[in-house]
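Working notes, structure below.
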Amino acid sequence: MNKREFKDKVYGELAKVSKAMSNPHRLEIIDLLAQGPFTVEDIASYTGLSVANASQHLQTLKSSKLVKISRNGNYINYSLAGENVFNAWTALRELGLVYNAEVGKTVNEFRAGFGDMDCIDADQLSKLVEEDKVILLDVRPEEEYNRGHVHRAISMPIEQLGAKLKNLSKSKTIVAYCRGPFCVYADDAVALLKKHGYKAQRMKEGFPDWALKGYPVDQ
């Protein structure tokens, strides 16, 4: 193998990886799988895809070695092949936010619909959690909370929040978090909390970002 063949081969294989990620649905699936394993039916439900389309995207990701499968009885679960896949997604996400103004504009326009949406980043939040100055709500589905969550966070799936508001104290700021920056559960939670007179913010990042930073988690 000469030098040209070597470079063509290496860059060609890397291009297959980038091609697998060059689809909005597959990026959303990678973002979802950062929470842990899901069946194709769950992935289809959360992403708004048909089961057939979700399966097709998963096969593309699997062929590129970005996703792996495991069996749980009669169910096949899909998960990220490793932490590096999530690292690559977060790097791409930040690249888009920094250099593609349309990404940030879209996020800001969406959140403008919720009124004054205060955000706090994980670095700031870690200090407040340590000092017990906030009430922290994990508004993801309970199954995801049980796989792992921010230390001291209370499980409060978004569909249950309205019924449990009376159990929350108004003496502290409430911070809600979900799957990541583009997950809207936390936006819905903050809007609902503020509507009922609570001081509320959303964590800018999601649970996987928190864990990646090495901050305390519970399982």
**Message:** I'm told Ala52 meets every condition in (1) in contact with a helix residue (DSSP H, G or I) (Cβ under 9 Å, 6 or more places away or on another chain); (2) under 24 Å from His149 (Cβ atoms); (3) open to solvent by 60 Å² or more (accessible area, probe 1.4 Å) except one. Can you identify the failing condition by its number?
**Reply:** (2)
**Item:** Residues located in the stretch 137-153, provided they are under 11 Å from Arg202 (Cα atoms) and either out of contact with any helix residue (DSSP H, G or I) (no Cβ under 6 Å at 6 or more places or on another chain) or in contact (Cβ under 8 Å) with a residue 60 or more places away in the chain (or both)
**Value:** Leu137, Asp138
**Fill in**
If we ask which residues in the stretch 180-195 are open to solvent by 10 Å² or more (accessible area, probe 1.4 Å), part of a helix (DSSP H, G or I) and hydrophobic (A, V, I, L, M, F, W, C), their number turns out to be 2
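The values are calculated or read from the model by the stated rules, or taken from the named source; none is laboratory data. Owing to the predicted nature of the structure, the values given are computational and were not obtained by experimental measurement. As a convention, Cβ positions derive from the backbone with ideal geometry for all residues, glycine included, and neighbour counts pool all protein chains shown. The protein model used for the area step is the full one, side chains on, heavy atoms only, and it has no ligands, DNA or RNA in it. Shrake-Rupley method; radii C 1.70, N 1.55, O 1.52, S 1.80 Å.
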